[in-house]
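Visitor: My questions all concern the structure below.
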Amino acid sequence: MSKLVVKNVTLNYVNESKSWTKALENLNFSVDKGEFLSIIGPSGCGKSTILNLFTGLLSASEGEILLDGKKISGTGLDRGVVFQHYSLFPWMSAKKNISFALRQSFPAKSKKELAAVAEEYLAKMGLKGFEDKFPAELSGGMQQRVAIAKALAMDTELILMDEPFGAVDSKTRVVLQDQLLKMWDSGSERKTVVFITHDIDEAIFLSDRIIVMSSGPGRVKREIPVSFARPRDRFSFTKETGYAHLRNEIVNLFYDDLADKIGGEEVVL
Ligand SMILES: Nc1ncnc2c1ncn2[C@@H]1O[C@H](COP(=O)(O)OP(=O)(O)OP(=O)(O)O)[C@@H](O)[C@H]1O
Ligand SMILES: [Mg+2]
């Protein structure tokens, strides 16, 4: 069953001087319930635009987007979001940022209960001891981890993540990928995740399916299923039959504009 359906969506940004940019053109794809879907594509191809359509912050110029069969008409507490740029209130501590967001989703819970949930998720993101720090006192990567903890603590069925690990160092990134998969895989039902990344290996390791987009205006270039068994072990995983072939296919789709420039050679990275 589809959690999200994108139907013939075109998105034009119009600026003050009335000139416009076509960011997405006739986009069609769907996301299954419980699926982990990654979207990769060159900078400016419209990935964040898609995410903002899912959050309801933008609406399509043409076409429609259905969430659980209903047209998205605005933002909602049924979607946990991690934006590309840190999105924390600077005047609230890490813990307060999370419990404040939780209060909207769980109005019946006491302050103490909400604080306990916030602490639990901060600890899961490796931020024990940093609960009372303000965003300005945290590194960029740490701020992003607070934002991820906030999105996961909301316990929504749908999680939307825009390059959540882009600003995190490579060692922490590996830990956070594992942590994210662990949380996605725990509980009685898997959540639906739409995950935007530039990192091909990250996309393969995490996803059930990868959508590769073409440069703007963004269209789906190819949808690639990633059917390796779960749970995935990052050390043995890359030795699975078919891994190298799959990776190579995505590298070539991702860099084919570059391949044109360097003489149409196959790209091996
Ligand atoms: N608010 C805006 N007003 C006008 N044009 C915009 C606006 N936001 C994005 N665009 C344009 O729309 C296109 C898609 O932008 P978007 O941010 O979705 O790309 P992206 O794939 O997320 O890129 P990146 O990988 O660099 O984050 C780009 O050409 C961008 O310049
Ligand atoms: Mg973006």
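Visitor: Test of understanding: ordering M1, M92, M142, M213 by Cβ neighbours within 10 Å, fewest first, what list do you get? Intermediate values should be presented prior to the final figure.
Guide: Numbers: M1 8, M92 15, M142 21, M213 25.
Listing M1, M92, M142, M213 from fewest to most nearby Cβ atoms yields M1, M92, M142, M213.
Visitor: Same structure again: With charges set only on the Cβ (+1 for Lys and Arg, -1 for Asp and Glu), what does the dipole of region 25-104 come to about its Cα centre, in debye to the nearest 20? Write down the numbers at each step before the final one.
Guide: Numbers: 8 positive and 7 negative charges, 106 e Å.
The dipole magnitude comes to about 500 debye.
Visitor: Ok, one more. Loop-only check: which GluC sites (Glu not before Pro) in region 77-157 are DSSP coil with at most 16 other Cβ within 10 angstrom?
Guide: Sparse-neighbourhood loop GluC sites (Glu not before Pro): E157.
Visitor: Arrange W184, W20 by Cβ neighbour counts within 10 Å, fewest through most, would you?
Guide: Listed from fewest to most nearby Cβ atoms, that is W20, W184.
Visitor: Another question about this same structure. Of all DSSP beta bridges in region 93-227, what percent run antiparallel (nearest 5)?
Guide: 50
Visitor: How large is the dipole of region 150-194 about the Cα centre if only Lys and Arg carry +1 and Asp and Glu carry -1, each at its Cβ, rounded to the nearest 20 debye?
Guide: It works out to roughly 120 debye.
Visitor: Along Cα→Cβ, 7 Å out, is where each label goes; now give me the distance between the ones at K70 and K128 in nm to one decimal.
Guide: Between K70 and K128, the label points sit 4.0 nm apart.
Visitor: Oh, and also: What's the longest uninterrupted piece of the chain once you rule out the trypsin sites (Lys or Arg not before Pro) that are loop residues per DSSP with at most 13 other Cβ within 10 Å?
Guide: Answer from the scan: 129-238.
Visitor: Distance from the Cα centre of region 24-48 to that of region 166-208, in angstrom?
Guide: If we compute the Cα centre of each part, the gap is 16 Å.
Visitor: For region 151-224, what are the per-bin percents of Cα-Cα distances with bins 10 Å wide, up to the bin holding the maximum?
Guide: 16, 50, 29, 5
A short reminder: the numbers here are calculations on the coordinates, not readings from a lab. These numbers were taken from a predicted model, which means no experiment stands behind them. Every residue, glycine as well, gets a Cβ built from its backbone with ideal geometry; the counts of neighbours run over all protein chains shown.
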